[in-house]
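The block underneath contains the structure these notes are about, expressed in structure tokens.
The numbers here are math on the coordinates, done by the rules we state, and not lab data. Bear in mind the structure is a predicted one, so any value in this text is a computation, not a measurement. Here Cβ is always computed from backbone atoms with ideal geometry, including for glycine, and neighbour counts include all displayed protein chains.
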Amino acid sequence: MNSLSDLNLTDPIRCVAATIWGEARGETFMGKVGVAWVIQNRAHNPAWWGRDLVGVCLSPHQFSCWWDKQGERVRSVDLEDPRYVEATMIAMSVIKHGFPVDPTGGADHYYAAYIPAPFWAKGRTPTAVL
């Protein structure tokens, strides 16, 4: 598989779960939930980053896991990986049931605390730290 078009990525659960897996598979449970909610929050407020869950996940330059060196792995991850199973359960729970309740305070961006603050975060107060 060489491109996003090689997979049927029209399933919102699949796209959100793969994004959680790609962005946060090494994070805590609540960190993964936070990624799911950022995606959900963006989809509920359509803008340049996408108009629905799939569009938000696959929008260029938004979730680096789809576009960086791990992109191939994100496109092909499956239920053989227990971390992807967990990501799928989180995606289903957040998308279908709104549970757990949004721990991000409505955030539509995030970054890992172990990296320097990106330009868009400078001068802003975080809504949550997970």
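Brief remarks follow.
- Residues in the stretch 86-103 carry Karplus couplings, in order, of 4, 4, 5, 5, 5, 4, 4, 5, 5, 5, 7, 10, x, 10, x, 4, 3, x Hz; the curve used is 6.51 cos²θ - 1.76 cosθ + 1.60 with θ = phi - 60°, and Gly or Pro positions show x.
- At q = 0.12, 0.16, 0.19 Å⁻¹ the log10 of I(q)/I(0) for the chain amounts to -0.41, -0.75, -1.09, computed by Debye summation with a single uniform scatterer per C-alpha, solvent ignored.
- Label-point separation, Val85 to Thr28 (7 Å along Cα→Cβ), nm: 2.4 nm
- Charge dipole magnitude, Cβ of K and R +1, D and E -1 - the chain, Cα centre, debye nearest 20: 340 debye
- Each Cα pair under 8 Å and six or more residues apart adds its sequence gap; the mean of these over the residue count of the stretch 4-94 is a relative contact order of 40 percent.
- Here the stretch 53-130 is treated as an ellipsoid with the same Cα gyration tensor; its semi-axes, largest first and in whole Å, are 23, 19, 12.
- Sorted peptide list for 103-115, 85-97, 9-21, criterion being average Cβ within 10 angstrom, highest first: 9-21, 85-97, 103-115
- Isolated Cys residues of the chain, judged by Cβ distance under 4.7 Å to other cysteines: Cys65
- Model label sites at Thr10 and Arg124, defined 7 Å from Cα along the beta-carbon direction, differ in position by 3.3 nm.
- The angle between the Cα long axis of helix 29-44 and the main principal axis of the chain comes to about 90°, on a 0 to 90 degree scale.
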